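Engineer: Quick one: structure below, then a few questions.
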Amino acid sequence: HLQKGMLGGLPQPMPMAMTESPRKKKMVKKQLKTERHSSSLNINGPQRSPYTVSPLPPSRSTYDAQVAGNRGHVSVKDEKALMEEEQPADPGCRIVNETKIQGGQFSTDDMNNALPKAGSFDTGNVGRTKCMVRQFDASTKKLPGFLRKSGQKLGRRLCQQLKLPTETEEEISLGKPSVAPTVSKDLFVVGTDNPDSKLNFLICVSSTNIMKETNGDAIVSTVRLSEHIRDTHWINSNLVLCATGKDVEIIQVEKEGKSLKSRGKRTLHHDLIREIAPHPLKRLEVASGGYDKKLCVHNLQKGTRLHEQATSDTIGSVKWHPYQSDVLGCTLDYGGLQQYDTRLGLSKPVFKMNTGKPELYTHSCIDEYGMLLGYGDGIIQYIDQRYPRKILLRVEDPYVGGIGDIIYNDQSKSFVVSGLNDFSVWKMDESQGKAFIWSHIETSTNAMRNEYSYATSAAYLNANTVIMCDRRGYASIFQQGFS
């Protein structure tokens, strides 16, 4: 702690006065020697500085034994006991790869002047902040369930509109839906994601028509693309991005969704893209990752690559942090989680964690520090970035056998899990610090968990409604009825 620059420019105290007695000089020397080898930085006397580095956490063998084989109700010690067991590195300081991060600003000793002094990662009140999730409850005995379900088989409607052969209906598999960024949010788009089919379409859908009792045609417009669509995102009310193969294709939306036109594409990777993420503020700056193991940020308007970083494994999910627009996170299939501050480039992550479990395919931030991790075997894990070496909670989703995505909605304090064979909605009770299962597709059974013929993708239409698209060509809307 006494290395150059670690004192933050503060004046160092004089070790002793020339007029002090030899006995007092000896005592001062002993005190300085003790402080030099201490784990805390003491500048103005014996009181303990808040900037301390916590030791490695205790063995997780007890925790692993607790959760091994458990399914449904899994919890850890209460927050007070947890705080006593392992203090975070500091309310405003973490040590990640030899880099000191103060005040949550992702700043290093030689970069403080380049970064803002305040931001949404400021952790000054962290001592009064409760962990948002302290318990998962996956019990299905008293499942609230959704209030109403409406759906259409878009594959059949598409074949009827375009006068395609009836047998081609089985080729129409729907991927991730993306909701239009408008006040009404009536429209959403979804792409066909069957890699073995030549029928590749982006479909604009009216959620209102799906929910109508008359069951009118929900397809508003379509555009045919050259490859299957891995991911879709609206970047404003007139533009949609589609990840197709190695490229991102730009689609213009006209006449309130009644016309879709391709405006060209940009090749971003050397292999298939798994996920794209438009910047929350600079919407034409898009992060992406996939099978070429590279995390990239491009400016689509200028056609330039802003950042690129090679990783050690295939990238599963790419997401910007909802509370810090410059922080970009990604998951790696071996179980790694990394976050980068794009103001510092992508050469070194500001947060890095090996979760110790493979098939980590998605992550979702639920507050400044809490994060949900989804795995290919249906396991959900919860971490707090203030405890970078510890899995705080673990639960097996009772319905989703392989998790492909987790999306959190802050307004309703809920999250939706989608993937193989089903989707599930979880509701959070902040007063109890508990997340409990709320609803799922009623027709699914646990027997389907290991079948790979059916998969779902979900998104929030609004805080109370979930859209679900599946591999059989159905688009369904579930109104949850959160109280």
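Engineer: Looking only at residues in region 251-282 that are among the small types (Gly, Ala, Ser) and in a strand (DSSP E or B), which one is surrounded by the most Cβ atoms within 10 Å (Cβ to Cβ)?
Structural biologist: Filtering region 251-282 for residues that are among the small types (Gly, Ala, Ser) and in a strand (DSSP E or B), the one surrounded by the most Cβ atoms within 10 Å (Cβ to Cβ) comes out as Ala277.
Engineer: Still on this structure, I have one more. Select from region 332-353 the residues that are touching a residue at least 60 places away in the same chain (Cβ under 8 Å) and part of a loop (DSSP other than H, G, I, E, B) and list them in ascending order.
Structural biologist: Residues satisfying the conditions are Lys348, Pro349, Val350.
Engineer: Okay, next question. So is Tyr375 open to solvent by 10 Å² or more (accessible area, probe 1.4 Å) and either more than 16 Å from Ala458 (Cα to Cα) or under 14 Å from the mean Cα position of the chain (by Cα) (or both) or not?
Structural biologist: no
Engineer: Condition (residue is of a type in the set (A, V, I, L, M, F, W, C), at pLDDT below 95 and within 22 Å of the chain's Cα centre (by Cα)) applied to region 243-259: is it met by at least one residue?
Structural biologist: no
Engineer: In region 222-233, is there at least one residue being β-branched (Val, Ile, Thr) and more than 17 Å from Ala277 (Cβ to Cβ)?
Structural biologist: yes
Engineer: Could you tell me whether any residue of region 231-243 is part of a loop (DSSP other than H, G, I, E, B) and of a type outside the set (Val, Ile, Thr)?
Structural biologist: yes
Engineer: On to the next question. Which residue pairs have Cβ atoms under 7 Å apart, sit 6 or more places apart or on different chains, and have a first residue in region 148-177 that is free of Cβ contacts under 8 Å to residues at least 12 places away in the same chain and a second that is surrounded by 15 or more Cβ atoms within 10 Å (Cβ to Cβ) and in a helix (DSSP H, G or I)?
Structural biologist: Within 7 Å, the pairs are Thr166/Cys159.
Engineer: Looking at region 420-443, is at least one residue of a type in the set (A, V, I, L, M, F, W, C), in contact with a strand residue (DSSP E or B) (Cβ under 8 Å, 6 or more places away or on another chain), at pLDDT 90 or above and farther than 18 Å from Lys142 by Cα?
Structural biologist: yes
Engineer: Filter region 134-188 for residues that are within 30 Å of Asn236 (Cβ to Cβ), open to solvent by less than 70 Å² (accessible area, probe 1.4 Å) and among the β-branched types (Val, Ile, Thr) and give the result.
Structural biologist: Scanning region 134-188 gives Ile172, Val179, Thr182.
Engineer: To continue, here is another question. Need a quick list: strands (runs of 3 or more DSSP E) entirely within region 354-439 having at least 1 residues that are of a type in the set (Gly, Ala, Ser).
Structural biologist: 360-365, 370-375, 402-409, 414-420, 423-429
Engineer: Still on this model: Would you tally the residues in region 402-432 being open to solvent by less than 10 Å² (accessible area, probe 1.4 Å) and in contact with a Lys or Arg (Cβ under 7 Å, 6 or more places away or on another chain)?
Structural biologist: 2
Engineer: Something else about it: Please determine, by comparing only the residues of region 283-307 that are outside any strand (DSSP E or B) and in contact (Cβ under 8 Å) with a residue 12 or more places away in the chain, which one is most open to solvent (accessible area, probe 1.4 Å).
Structural biologist: Result: Gln301.
Engineer: Moving to a separate point now. Could you list all residues from region 309-331 that are within 11 Å of the chain's Cα centre (by Cα) and part of a loop (DSSP other than H, G, I, E, B)?
Structural biologist: Passing the criteria: only Pro322.
Engineer: Do you know which of the residues in region 308-343 that are among the hydrophobic types (A, V, I, L, M, F, W, C) and buried (at least 18 other Cβ atoms within 10 Å of the Cβ) is nearest to Asp231 (Cα to Cα)?
Structural biologist: Ranking the candidates gives Val318 first.
The values are calculated or read from the model by the stated rules, or taken from the named source; none is laboratory data. For clarity, every value in this text was computed on a predicted model and none was experimentally measured. Note that we place each Cβ from the backbone using ideal geometry, even for glycine, and neighbour counts take in every protein chain shown. These area figures cover heavy atoms from the full protein model, side chains too; ligands, DNA and RNA do not enter into them. Shrake-Rupley method; radii C 1.70, N 1.55, O 1.52, S 1.80 Å.
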